[in-house]
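Below is one structure; the comments refer to it alone.
The values are calculated or read from the model by the stated rules, or taken from the named source; none is laboratory data. All of these numbers come straight from a predicted model, not from anything done at the bench. Reconstructed Cβ throughout: ideal geometry from the backbone, glycine too, with neighbour counts over all protein chains shown.
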Amino acid sequence: MSPPSIAVMQAPAVARSTSASGSWDGLRAVRRAALPVPGPVAPAACQVCTGAARPGYARCYQCELHAQSAPGLLADTVTPVAHAAKGSSLARDLWLYKAGRPASRAAGSRLLLLLLVFLHDHGPRVWRHAGMVRPSHVCVVPSGRGRAGPHPLRQLVAPYLALPWVGMYPRPGSDPWARSLDAGRFHAGQQAAGAAVLLLDDTWASGASAQSAAVALKRAGARAVAVVVIGRHVPAAGPLPLPRPRSPASGRARAAQDQ
């Protein structure tokens, strides 16, 4: 089954149609069969990336470093679609879809279904948590390996997201393998000025790339940035369950802790 062409900001209206609703139900069923993922988020999770946090701490070590390194310039919300435990089918698909192998196309289709169904079902809550009514633009975190041409994730989702794109590229001399937030790593295009940006990434390990991209968007004038990442990498032993979008109230509580 091929996913219908959708505009993220029009998803609620699409879902009101009986035929469209049936299509989304079918997509959910295909997604569950093709790429099973775990259930609701555990309580002892980082309030930013939903990874593991030490007891009594609101953020994991990496997200705490980000908050200290770029206060006021980070993404307004970060929402992983699922946790990609090492060795899981999701972790394999996240590697395989851009590996240029015979099975890469099928892996990309499974990831696309996972992302589109998530945006349709949970997008409005993500937008509210980021302080936007809906995204006005979309952007993909650039590849960390200097891959030529458009990012594979952009190629995958572009036909289905009816939003203008914000260009972004690594600055000359930046370290493509950096594991720490680098405020000067990326340059965002002028389309970011005044925009509410949906920033997409395929994976989140330390979060340095996505947050560096969020900083570039904020410095270019973006008024809000919502990061949605397909797979948040977690260890194979005891993977955290599937995260769900947090309520705006949890975001306000986290902001209060930063003050």
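Quick notes
- Filtered by the rule that a residue be touching a Ser or Thr at 6+ places or on another chain (Cβ under 9 Å) and among the hydrophobic types (A, V, I, L, M, F, W, C), segment 108-126 gives PHE118, VAL126.
- Of the strands (runs of 3 or more DSSP E) lying entirely inside segment 156-211, those containing at least 3 residues that are farther than 20 Å from ARG232 by Cβ span 168-170, 186-188.
- Residue ID - surrounded by the fewest Cβ atoms within 10 Å (Cβ to Cβ), chosen from residues in segment 29-53 that are modelled with pLDDT under 70 and either acidic (Asp, Glu) or out of contact with any strand residue (DSSP E or B) (no Cβ under 8 Å at 6 or more places or on another chain) (or both): PRO43
- The sole residue among GLY207, GLY221 that is buried (at least 20 other Cβ atoms within 10 Å of the Cβ) and either among the acidic types (Asp, Glu) or closer than 23 Å to VAL48 by Cα (or both) is GLY207.
- Which listed residue is modelled with pLDDT of 90 or more, surrounded by 15 or more Cβ atoms within 10 Å (Cβ to Cβ), more than 20 Å from LEU156 (Cβ to Cβ) and out of contact with any strand residue (DSSP E or B) (no Cβ under 9 Å at 6 or more places or on another chain), from SER69, SER104: SER69
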